[in-house]
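Engineer: Let me begin by handing over the structure; questions about it come next.
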Amino acid sequence: MLFLVMAIPEVKASLGATAKILWGGTFDPVHQGHVSSALELSGYLGVQPIHLVPNNQPVHRQMPAAKAWQRLKMLCLAIQDYAQLAIDERELKRCGPSYSVLTMQEVRQEIGPDVPLIWCMGMDAFAGLQQWHRWQELLNYGHVLVLTRPATSWPTDPELLTWYAAHKVDEAKYLLASPSGQVAHLELGQHAVSATQIRQQLRLGQKPSATELAPAVAQYIASQSLYGIN
Ligand code: ATP
C-alpha cells in the first residue's frame, strides 16, 4: 500500500490559541471593499473579529479629509451589523504618527508570546512597505498578510521581493500555525472600490452605489457635509 506523507503545518490556533487579526487603514471613508474583504477574510481564516485599526496620523499619505472622530463614526456605522468585525481605536488615542510596528509591538505585549498576530494590508500598501518605519521588525511581533486588490499588481522592488520570499508561507491559513515571523498573500473576492474613488464621486455630486459605500455611511457623510458635499 502506498502512503503519501504531506507536510501540512500544524495549526496551533485550532488547539486553543486565538489569533488576533489587525487591518489598519485611513478609512477616509471606510467603503464596502474594506468591509466585504474583511468579512471574507474572517470566513476564510475562521477567526473573528477582524480588528479594523483607523490611523490617527497616516505616515505615507496626505492627512485625511475627514476628522479622526468622523472616520471612527463611519467605521462604527459600516460594521454595526457584523459581529465578525470590530474596531481597535488605539492609534487614534496615541499621539504622533501611526506607526504599525508600534501597534504590533503593543498588541504583542497584550496577548503574550504564543498567540498568532496578523497585520493585513492591500497589495498597494505592500508595494510601499519599505518606506514604513522599522518595517522589517513587523515580523518580530506578528505576521504580514497581503491581500490582492483589483488593478494592483505585485511590486517589482528586488529587496521587497527577496524579503517576501524569505518569509513566505504558501497558504494564508498557515499563518495561524505560529505567532509571528511569516508573510503570505491571499486573493479574496476582488472589490474594485477605493476611498479615492468614493471621495471623487462625492465631489462630483455622484452617488456611490450600496455595493461601494454602506447607505448608513453615505447618510452620515451627507449629514456632516464631508468630501465636498454641500
Ligand atoms: P485611498 O484610496 O484613499 O488610498 P483605500 O481605499 O486604499 O484609500 P485605506 O483606508 O487606505 O483605503 O485602506 C486600508 C487598507 O485596506 C490598505 O491596506 C488597503 O490596501 C486595503 N484596501 C483598501 N481597499 C481595498 C479593497 N477594495 N480590497 C482589498 N484591500 C483594500
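The values are calculated or read from the model by the stated rules, or taken from the named source; none is laboratory data. Fair warning: this is a prediction, and the values are worked out from it, not measured in the lab. Cβ coordinates were reconstructed from backbone atoms using ideal geometry, including for glycine residues, and neighbour counts include every protein chain displayed. Keep in mind that these areas ignore ligands, DNA and RNA; they rest on the heavy atoms of the full protein, side chains included. Shrake-Rupley method; radii C 1.70, N 1.55, O 1.52, S 1.80 Å.
Engineer: Pull up all non-local amide H partners of residue 20: gap of 5 or more, or a different chain, and H-to-H distance under 5 Å with H placed in the peptide plane.
Structural biologist: Residues meeting the criterion, in which the H sits 1.01 Å from N, are 117, 118.
Engineer: Which of the lysines could a cross-linker span from residue 168 if the Cα-Cα distance has to be under 28 Å and same-chain partners fewer than 8 positions apart are dropped?
Structural biologist: Partners within reach: 12, 20.
Engineer: Where nothing but the Cβ of Lys and Arg (+1) and of Asp and Glu (-1) is charged, how large is the charge dipole of the chain around its Cα centre, in debye to the nearest 20?
Structural biologist: In debye, rounded to 20, the chain gives about 660.
Engineer: Subtract the Cα-Cα distance of residue 140 and residue 18 from 0.36 nm times their separation in residues, and report this length gain in nm to one decimal.
Structural biologist: Answer, rounded to one decimal: 42.1 nm.
Engineer: Further question: Can you spot the aspartates and glutamates whose alpha carbon is less than 16 Å from residue 73's alpha carbon? Ignore those fewer than 8 places along the same chain.
Structural biologist: Straight-line reach from residue 73, under 16 Å: 28, 81, 88, 89, 91.
Engineer: Using a 1.4 angstrom probe on the protein heavy atoms only, line up 60, 143 by accessible area, largest first.
Structural biologist: My answer, sorted largest first, is 60, 143.
Engineer: Let's test the formula: R0 of 45 Å, r as the Cβ-Cβ distance of residue 171 and residue 201. What FRET efficiency results, to the nearest 0.05?
Structural biologist: Given R0 = 45 Å and the Cβ-Cβ separation, E is 0.80.
Engineer: Further, regarding this structure: Evaluate Rg over Rh across segment 13-192, taking Cα atoms for both radii and Kirkwood's formula for Rh.
Structural biologist: Ratio value, two decimals: 0.93.
Engineer: Could I ask something else about it? Counting only residues 5 or more places away or on other chains, whose amide H sits under 5 Å from the amide H of residue 59 once H atoms are built in the peptide plane?
Structural biologist: Here 98 satisfy the definition.
Engineer: Tell me the per residue accessible area of segment 13-192 using a 1.4 Å probe; a whole number in Å² is fine.
Structural biologist: 44
Engineer: Before rounding to the nearest 500, sum -39500 (n - 2.57) across all DSSP H runs of length at least 4 in the chain and divide by the residue total; then give [θ] at 222 nm in deg cm²/dmol.
Structural biologist: Taking each H run of at least 4 residues, the total per residue is -9500 deg cm²/dmol.
Engineer: For segment 183-193, what does the Karplus curve 6.51 cos²θ - 1.76 cosθ + 1.60, with θ = phi - 60°, yield as ³J(HN,Hα) per residue in whole Hz, taken in order and with x for Gly and Pro?
Structural biologist: 10, 8, 10, 9, 9, 9, x, 8, 10, 7, 9
Engineer: Turning to a different aspect of this structure: Carbon and sulfur atoms: what percent of the 1.4 Å accessible area of segment 84-211 do they account for?
Structural biologist: 50
Engineer: Suppose accessible area is computed on protein heavy atoms with a 1.4 Å probe; arrange 196, 148 from highest to lowest.
Structural biologist: These residues rank, largest area first, as 196, 148.
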